[in-house]
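Chemist: Sharing a structure, written as structure tokens. Questions coming.
The values are calculated or read from the model by the stated rules, or taken from the named source; none is laboratory data. Please read these numbers as outputs of a predicted model, since none were measured by experiment. No Cβ is skipped: glycine too gets one built from the backbone with ideal geometry, and neighbour counts run over all protein chains shown.
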Amino acid sequence: MMIKYAMEYSDILLKSDRRKLSQLMAMTKDKRRLVMSALSNLAKYLGVYEHWQKIRKNNGLKREKRSALETFLSILNHNVKDSAKWLKDIVKILPKKYSTAVVFNALTGLRPSESCMSCKLIVELSEKEETKTKKTTRLHKSCL
């Protein structure tokens with residue numbers, strides 16, 4: 001998304017396009033934050049970051065983060081059935097070793113990095129024969 005936004009709104013940086021700038025200012029807070037982040041990265045890459053800062057300052061553009069309450073409400077309003085459907089669909093498509101890891105992550109609720117570390121730990125323990133169950137053997141084979 002970042003590259004898409006950077007390409008789409010690059011005229012704000014390069015040509016001082018007022019139409020694109022007004023579109024940016026009319027966006028939702030979340031989308032504006034993403035577009036502004038993409039433009040900041042592009043400006044740094046192109047060496048025109050000072051120009052970008054002037055544009056932001058002159059037009060009163062500020063990065064607005066989501067409040068904790070907005071984030072909490074977003075989580076509450078999320079439809080769990082959509083996530084379950086996505087998980088079922090993705091399990092059908094992915095190879096077994098990857099789908100097992102994705103399901104493990106979904107069931108445990110761990111962060112992706114923690115889930116990977118847990119899988120590695122399970123594999124190491126099963127190799128040491130400290131845990132011998134059918135489930136860990138299946139997980140061991142699928143995580144490799």
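Chemist: Where residues in the stretch 11-41 are surrounded by fewer than 15 Cβ atoms within 10 Å (Cβ to Cβ) and touching an Asp or Glu at 6+ places or on another chain (Cβ under 6 Å), which of them is modelled with the lowest pLDDT?
Modeler: Selected residue: Lys29.
Chemist: Would you pick out the residues in the stretch 49-90 that are among the hydroxyl-bearing types (Ser, Thr, Tyr) and surrounded by 12 or more Cβ atoms within 10 Å (Cβ to Cβ)?
Modeler: Tyr49
Chemist: Do you know which residues across the stretch 82-113 are within 24 Å of Asp30 (Cα to Cα) and of a type in the set (Lys, Arg)?
Modeler: Passing the criteria: only Arg111.
Chemist: Starting from the stretch 56-76, take each residue that is assigned to a loop (DSSP other than H, G, I, E, B) and list its partners that are not basic (Lys, Arg), counting only C-beta distances under 8 angstrom and pairs at least six apart or across chains.
Modeler: As it stands, the answer is Leu61/Leu24; Leu61/Met25; Leu61/Met36; Leu61/Ile55; Arg63/Met36; Arg63/Ser37; Arg66/Asp30; Arg66/Ser74, since those pairs meet every condition given.
Chemist: Identify the residue in the stretch 105-132 that is of a type in the set (Lys, Arg) and modelled with pLDDT of 85 or more and, among all such residues, is nearest to Ala84 (Cα to Cα).
Modeler: The qualifying residue nearest to Ala84 (Cα to Cα) is Arg111.
Chemist: Another question, then. Which of the following residues is surrounded by 14 or more Cβ atoms within 10 Å (Cβ to Cβ) and without any contact (Cβ under 8 Å) to a residue 24 or more places away in the chain: Ile93, Ile122?
Modeler: Ile122
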